[in-house]
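What follows is a single structure, written as structure tokens, with notes after it.
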Amino acid sequence: QKEVEQDPGPLSVPEGAIVSLNCTYSNSAFQYFMWYRQYSRKGPELLMYTYSSGNKEDGRFTAQVDKSSKYISLFIRDSQPSDSATYLCAMSAGGASKIIFGSGTRLSIRP
Amino acid sequence: GAVVSQHPSWVICKSGTSVKIECRSLDFQATTMFWYRQFPKQSLMLMATSNEGSKATYEQGVEKDKFLINHASLTLSTLTVTSAHPEDSSFYICSARDVRFQPTDTQYFGPGTRLTVL
């Protein structure tokens, strides 16, 4: 079993829809949770960063962490074609431990 | 936000030659940098962790004599692919850990280097 599981998609939704992206994990030591966006042939860009459980909102993006269920989500409101990219979840236990990445979900927003 | 640059952005080389890729943190000091490899439509594969002033730590299955990493300063790490072969063709991405003002687990990525070995 992988430490982090993420549905690879592809996920295709119409413009303006609410998008929900999710990851599950098995390591209860994870404390730091991140979402990255990666456009084709570009490096990943940090979108959201959350420590421990709870919600964090930044513009159209909301990150949720449920440590009891070992489940994290990224919501995108009012989705735009420019949001079309691969979204990677990532997490770590902190300190010198490695960051573990999900396999990424390819998202396509249809105009 | 923290900015990480990579050079070159793409390179084509002949089989058997060596290629050096530079990774720089532009507006912060990075005691730790990471090198990843990514194949098309696949996720990031960590190759090695580079700490300033010490030897890199390689992941299992990554040949340290083939992928030479040097982290000589707090803002620069280099990856040299020695005696490159077509199977080394890939997208190489570096990242740097920014420890300023926040927990130590935020990594900022460079734009990547596409290597094609003929």
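Computed from the coordinates by the stated procedures, all read-outs in this text should not be read as laboratory data. Model, not experiment: these values are computed from the prediction. Methodologically, a virtual Cβ is constructed for each residue, glycine included, from the backbone with ideal geometry; neighbour enumeration extends over all protein chains shown.
Between residue A:41 and residue B:85, what is the label-to-label distance in nm when each label sits 7 Å out along the Cα-to-Cβ direction? Each label point is offset 7 Å from its Cα along the Cβ direction, giving 2.7 nm. Spin-label model, residue B:27/residue B:114: points 7 Å from Cα along the beta carbon direction are separated by 2.7 nm. Basic side chains Lys and Arg get +1 at the Cβ, acidic Asp and Glu get -1 at the Cβ, and with that the dipole of chain B about its Cα centre reaches some 180 debye.
By the Cβ rule of 4.7 Å, the protein assembly as shown holds the following cysteines without a possible disulfide partner: B:13. In chain A, the convex hull through the Cα atoms has an average projected area of 6.8 nm², a quarter of its surface area. The dipole here belongs to the protein assembly as shown: it is taken about the Cα centre, uses +1 on the Cβ of Lys and Arg and -1 on the Cβ of Asp and Glu, and is about 280 debye. With the gyration tensor restricted to C-alpha atoms of chain B, the semi-axes of the equivalent ellipsoid amount to 24, 14, 13 Å, longest first. Taking label points 7 Å from Cα along the Cα-to-Cβ direction, residue B:65 and residue A:66 give a separation of 5.1 nm.
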